[in-house]
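Worksheet: one structure, shown below.
What follows draws every value from the coordinates through simple rules; no lab data is involved. Remember, it's a predicted structure, so these values are computed and weren't measured experimentally. Quick reminder, even Gly has a Cβ in these numbers, built from the backbone with ideal geometry, and neighbours come from all protein chains shown.
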Amino acid sequence: MKTELSSQIKNIRTQRGFSQELLAEKTQLSLRTIQRVENAETEPRGDTLLRIAEALQVTPDELLEWNQTEDLSTLVILNLSALGFLFTPILGVILPLIIWISRKDRVKKADLIGRKVINSQITFTAFIYSLEGILFLLPLLGPDIEIWLQELFDYFSVPSFLFQTILFGIPYVYNLGNIILNTFRLRAGDEVNYFPSVKLLR
């Protein structure tokens, strides 16, 4: 991967008619840095990558995308890692986040899909924890609330534990179905679509 990126930078530099010295001057990087990048001794990131891209008149994404590989299995694993929510909601965020950070610059579409998966699971986690907080706080609001809730359960002939199971079960089943459906979409080459999802990672 590092060798491919260094070769791409060298090829574009040559096409532009730049010497290593001229590229170093345009990027305001040392000549030694340019040499190390082109010899694949170091991989340019952050500000270094941005400076090189601007000097070569391309975008950082164009350099990185050329360096990225097609890897459907990684995309599927990234998507399925959200199933960690079945153990605890926050795990459905942490597992995709770890894979996304390690693969977003190396695998095509990993950045986009990772952001969609993580945003979806953050939304789900926030909803579940908010729901738990509401159910915890309601009895603390006073005995009238408790009586009202009990009367509501009695009216629908539903035990409180069954009501809570249904209340939490619906979003869990929906989230599970969302992940499975998007896994099939990935395998079919279609675009993944997570809804609802708050776009925290853009």
Query raised in the report: Residue check: is Leu64 in contact (Cβ under 8 Å) with a residue 40 or more places away in the chain, among the hydrophobic types (A, V, I, L, M, F, W, C) and under 10 Å from Ile9 (Cα atoms)?
Result: no
Report task. Could you please let me know if Gly114 is of a type in the set (Gly, Ala, Ser) and touching a Pro at 6+ places or on another chain (Cβ under 8 Å)? Result -> yes
Query raised in the report: Pairs under 7 Å by beta carbon, first residue in contact (Cβ under 8 Å) with a residue 40 or more places away in the chain and under 15 Å from Thr74 (Cα atoms) in segment 176-202, partner of a type in the set (A, V, I, L, M, F, W, C) and part of a loop (DSSP other than H, G, I, E, B), six or more apart or different chains?
Result: Asn182/Val192; Leu186/Val192
Report summary line: Scanning segment 152-184 residue by residue, those in contact with a Leu (Cβ under 8 Å, 6 or more places away or on another chain), aliphatic (A, V, I, L, M) and closer than 20 Å to Leu138 by Cβ turn out to be Leu167
